[in-house]
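Let me begin by presenting the structure, written as structure tokens, before commenting on it.
The values are calculated or read from the model by the stated rules, or taken from the named source; none is laboratory data. This is a predicted model, so every value here is computed, not measured. Cβ atoms come from the backbone with ideal geometry, glycine included; neighbour counts cover every protein chain shown. When the accessible area is computed, the model is the full protein with side chains, heavy atoms only, and any ligands, DNA or RNA have been set aside. Shrake-Rupley method; radii C 1.70, N 1.55, O 1.52, S 1.80 Å.
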Amino acid sequence: MDKFMIDLETDLEVMRECCRSGKTKEASWRRSQLKGLQTFLKENEVEILRALREDLGKHYVEAFRDEVGLIKKSLNLALKDLQKWMSSREAKLPMIALLSHAELVPEPLGLVLVISPWNFPLALSLEPLLGAIAAGNAVVLKPSEMAPACSSLLFNTLPNYLDNETIKVIEGGPAVGEQLLLKKWDKIFFTGSARVGRIVMSAAAKHLTPVTLELGGKCPAVLDSLSWSWDKEVAVNRIIGAKYGSCAGQACISVDYLLVEKAFSSAVVELMKVLIKKMYRDNPLESQSVGRIVNKHHFLRLKNLLTDKMVKDSIVYGGSMDEDSLFIEPTILVDPPRDSTIMTEEIFGPLLPIITLDKIEDSIDFINARPKPLAIYAFTKNEAFRRRMVSQTSSGAVVFNDAIIQYAADTIPFGGIGESGIGNYHGKFSFDTFSHYKAVVRRSFLTDFWFRFPPWNNYKLELFETAYNYDYFGMLLVILGLKRSRRRFDVR
Amino acid sequence: MIIVSAGLFKDCGRCFKSSSIVGAGLGDTLAYHHTYKINQVSFSSSIPSSSYCRATLSITMEEAKQTFDVDKAAVLVKELRKAFTSGKTKSYEWRMSQLESISKMIDEKEKEIIEALHKDLSKPELEAFVSEISMTKSSCKLALKELKHWMMPKKVETSMATYPSSAEIVSEPLGVVLVISTWNFPFLLSLDPVIGAIAAGNAVVLKPSEIAPATSSLLSRLLVEYADESAIRVVEGAVVETSALLEQKWDKIFFTGGARVGHIVMTAAAKHLTPVTLELGGKCPVLVDSNVDLQVTARRIVAGKWACNNGQACIGVDYIITTKDFATKLIGALRSVLEECFGKDPMESKDRSRIVNSFHFMRLVNLLDEDKVSDKIVVGGQRDRSQLQIAPTILLDVPEDSLIMQEEIFGPLLPIMTVEKLEDAFDMINRKPKALAAYLFSDDEQIKRKFVQNVSAGGIAINDTILQLAVPTLPFGGVGESGMGSYHGKFSFDAFSHNKAVLYRSFAGESPTRYPPYTPGKQKQMKALISGDVFNIMLALLGWFKN
């Protein structure tokens, strides 16, 4: 480990020197690195899809949809808009600042660390990486050791496509992570759990390093009692897709639990059973369309969630597990005890508790009684209820009548609040996350209000006051001696 | 023996007079606690009825702990959280009424504010008016004018991948926030963030600095009078009180002060995953080219150093770099402007703030008296401990490893460093931690461009100093060692808001592509969809793609 630390420090010093030299600031460098990422995806698509199947049993269509495809989309956008993002923005000035000019100049932060998780080991590594590159930073990426095939693919293959002097992939577990956190970074971008998030932020505090923390939380879905059968079917399809269809529910924005009205719940459960069957056929284990639980530890954690008798009894569908293949069947529970672990901790797996409420409006209180989630999904056509949902709850995002797809929207920020995280990214927001907006004011030597400088007197005071009020006419009067100072301070 | 803690003696002029405040910033001292020893048990009755101490006194047999402790802090936060959850701070009307009230307070209490600033820092009244009162008032006025506009959800376009949908970004308040402010601009740096927090719809606790006690107690008194007490509070105090506050869970902490305490604040915030804005300082360099208008340059440097709280400002000029042959000229010009501004004997001038307290006075004296530094003084150097005054002092070519070139000076001392070529200065600047501001005086477009491109700092002003602070359309904040996050104008509103993404979808536009069972055809469709290629989407939907 000592050798590791010494080598690391040498590497980091080289990277910092590259930052100082201005190499990473060049538009050409950023463009070539982004193109490098594109080529990496293009030439290694099969290997990537294979690694994702190996680590998480993701079907290649799911893997393309959630990882490879999304990154391709983000890279296209970054390359298209890079010039626009990099250009400085003029700031309006009041008239008093005659012959002045102000602008906001984005500049890279320097050397940044990206720590990514195992559930979307490719997308959640490359999405922040491409933002950091677009903003002109040198980057160290530490992928999760819990998705070893992807980690080693990123470690062994990605460097062939990138500038190795300024972009590095470091493999390793918590021990390596800890060592990395001891170093001084200009930004740390972390995706993972709130527990580790706290460790990351405490470590960052030592060097006053800003952090972006992409955490999780229990994202609720609220399903109003929709009357049209088409709407019902679409809504339930989208909920099932968001629960079981993305890495078997092991996603920070996956639906965690479902809130419905009591009277509506049995109809929902029946419909879910039918639609789950349609998607995953009679034997979901064979369908290849449900991802696997990442490892034994998490498999047992999920299994334990169901051991409580009251919880076990609330299972209305599914519940079968296969420890050898780390497979858990899409499972539905109705009204497990609200103080059971399954309702107090983030589930992160294919178990869906349905909580029934008297009125769907009660969902707002239910949500507000818990930590702020990364997303709230509400399926409703009731306009007033929608407005209340937006204004009376707090979460990273609110999505109406769909789930998970907000991840693919580049024009809205993706990130949490409170327990679900700090900061945001995606699209231009990724660029901003890794940039410092430097305020620049330019002045000429020509104009200067002579009253800016001491010795002070009441005449100057009056001038300042009129100037601050942007009262140009008043200023003129004071200067011409036509307006008397009304101020008489006598502090001493 | 009974000891009564005197944290109670608010509004007590007598007690105030007897306080000798020797503070050095959080953590350095526990100033502002005066304990009264009384040898009688029947204490309350022994107080003369004419006493102007309104506070109720509670007496304990041990060392009194009437200070604001963790339990009290917890109660406070709970009360404010209740106010916030009730939703009242979110309403446009509440925000407007509070801002209007603060604006009114500044108008009505101008004289008292100026007096307090004079007590704390001997701040010249005009300086107090310009840099504290007016700035705060403008910031309040701007918020009042723009609030409706700021609060409006921002519609954004959506892309192919989520079609059909509409999206907006909604600003929502973070919740209950803590503002810890500092002593050098004790009024402005307390209220400016509070205005942002209110505009964004939060409940706020303000902890003003104990090192500017007059302003601290004024703020605590005025806000009770003018602001909604259920959601806006002031907690006065020093280390103990601040630690008690930092133990609590906040939805945001906004801190202005030194980097050392910044670490403490952020570490405390990490426990609760609380986002922070840290407004710190740093050594702000001024680079002076030889082609400048000497008179204007000298005046603007004087304005950014001695006429700005006597150098005790986080964006004040810290040191100058210029070329060897130009240094003498510049010193000459600075000397004559100094005389113009502060008279022949600057120690007599009332137009400069004093050093805040004797701790900082000694700190500055130590910087001057360091062995390799004391013989480099070319202007000034006089000091008067009883008045807490140091003359405007210029030093030429002090060694780079001296304390004065290592630490933030925060006082009326100005070292001038010389280089052979102006370009060498970039290296000198970039070797130091990133500053809150960097200044350049030059007529050379190429140098200007290079400076903006190569010098990293919170903000940059070309051919002037400090001015960037007063521009509400520019974010004010540091980078690296000089802080994180920014504020001023709309940026203040953003600093205390969460940008919530809201995406609206209808039940139409459903595509089976999204759902299992997965087929190769679905992957083709998805590829086309993600690349935004309309023609390919059509082909895919028509089933013309081959596997």
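Observations on the structure shown:
- Long-range amide H partners of B:L174 with built H, under 5 Å: B:H498
- Extension gain, B:S336 to B:E79: 0.36 nm times the residue separation minus the Cα-Cα distance gives 86.8 nm.
- Charge-dipole axis of the protein assembly as shown as Lys and Arg at +1 and Asp and Glu at -1 on Cβ define it, positive-most pick from B:L191, B:V70, B:I106: B:I106
- Rounded to the nearest 20 debye, the dipole magnitude of the protein assembly as shown is 1600 debye, with +1 charges on Lys and Arg beta carbons, -1 on Asp and Glu beta carbons, and the Cα centre as origin.
- Distance cut-off 20 Å, percentage of C-alpha pairs in the range A:1-150 lying past it: 59
- In whole angstrom, the range B:349-455 maps to an equivalent ellipsoid with semi-axes of 29, 15, 13, each derived as √(5λ) from the alpha carbon gyration tensor and ordered largest first.
- Label-to-label distance, nm, for residues given as B:D69 and A:E345 (7 Å Cα→Cβ offset): 3.5
- Inverse mean reciprocal Cα-Cα distance (Kirkwood Rh) of the range A:194-268, Å: 14.9
- Residues in the range B:120-160 reached by a label modelled at A:N76 [backbone nitrogen below 19 Å; 7 Å Cα→Cβ]: B:157-160
- Charge dipole of the protein assembly as shown about the Cα centre (unit charges at C-beta), most positive-ward option of A:T39, B:V170, B:F426: B:V170
- Rounded D (µm²/s) - the range B:285-477, Kirkwood Rh over Cα pairs, Stokes-Einstein at 20 °C, 1.002 mPa s: 128
- Vicinal HN-Hα couplings computed from phi for the range A:300-317 (Karplus, 6.51 cos²θ - 1.76 cosθ + 1.60; Hz; Gly/Pro x): 5, 4, 5, 4, 5, 4, 9, 6, 3, 4, 4, 6, 4, 5, 8, 5, 10, 8
- In whole angstrom, the protein assembly as shown maps to an equivalent ellipsoid with semi-axes of 54, 35, 26, each derived as √(5λ) from the alpha carbon gyration tensor and ordered largest first.
- Backbone N within the range B:436-452 under 18 Å of label point (7 Å from B:N291 Cα along the Cβ vector): B:440-452
- Using every pair of distinct Cα positions in the range A:331-443, the Kirkwood expression returns a hydrodynamic radius of 16.5 angstrom.
- Given in Å, the Rg to one decimal and the Dmax to the nearest whole number for the Cα atoms of the range A:92-231 are 20.1, 65.
- Across the range B:323-405, the convex hull enclosing all Cα atoms gives 96 Å³ per residue.
- Computed over protein heavy atoms with a 1.4 angstrom probe, the accessible surface ordering of A:E107, A:E329, B:E100, largest first, is B:E100, A:E329, A:E107.
- Between B:V398 and B:I416, the built amide H atoms are under 5 Å apart, and every one of these is 5 or more places off in sequence or on another chain.
- Rolling a 1.4 Å probe over the protein chains gives B:D494 an accessible area of about 60 Å².
- Cα→Cβ-extended label distance, 7 Å offset, between A:K206 and B:K145, nm: 4.8
- Computed FRET value (nearest 0.05) for B:D325 with A:K3, which takes r as the C-beta separation and R₀ as 51 Å: 0.50
- Which of B:A307, B:A327, B:S358, positive extreme of dipole for the range B:303-379 (C-beta unit charges): B:A307
- Exposure of A:R301 as accessible area (Å², to 10), given a probe of 1.4 Å and all protein chains: 60
- Kirkwood-Stokes translational diffusion coefficient of chain A, alpha-carbon pairs, 10 °C, 1.306 mPa s, µm²/s: 63
- Taken residue by residue and averaged, Cβ atoms of other chains lying within 10 Å of the Cβ of B:128-137 number 3.
- In terms of distances greater than 20 angstrom between alpha carbons, the cross-link table entries B:K111/B:K344; A:K183/B:K434; A:K460/B:K123 yield B:K111/B:K344.
- Across all C-alpha atoms in the range A:220-410, the radius of gyration and Dmax reach 15.7, 49 Å.
- Sequence of A:Y257, A:Y437 when ordered by accessible area, the most exposed leading, probe 1.4 angstrom: A:Y437, A:Y257
- Here's how it looks for B:V234: its modeled amide H is under 5 Å from those of B:L206, which are all 5 or more places away or on a different chain.
- Base-10 log of normalised Debye intensity for the range B:227-334 (one unit scatterer per alpha-carbon) at q = 0.21, 0.22 Å⁻¹: -1.09, -1.16
- Which listed pairs, of A:K262/B:K154; B:K104/B:K490; B:K119/B:K432, have C-alpha distances above 25 Å, in listed order: A:K262/B:K154; B:K119/B:K432
- Vicinal HN-Hα couplings computed from phi for the range B:300-314 (Karplus, 6.51 cos²θ - 1.76 cosθ + 1.60; Hz; Gly/Pro x): 5, 6, 4, 4, x, 10, 8, 8, 10, 6, 6, x, 8, 9, 5
- Peptide packing for B:422-431, B:333-342 was compared via the average number of neighbouring C-beta atoms within 10 Å per residue; ordered from the highest value, the list is B:333-342, B:422-431.
- The string of couplings for the range A:356-361 from the Karplus curve (6.51, -1.76, 1.60, θ = phi - 60°) is 9, 10, 5, 10, 5, 4 Hz, one whole number per residue in order, with x for Gly and Pro.
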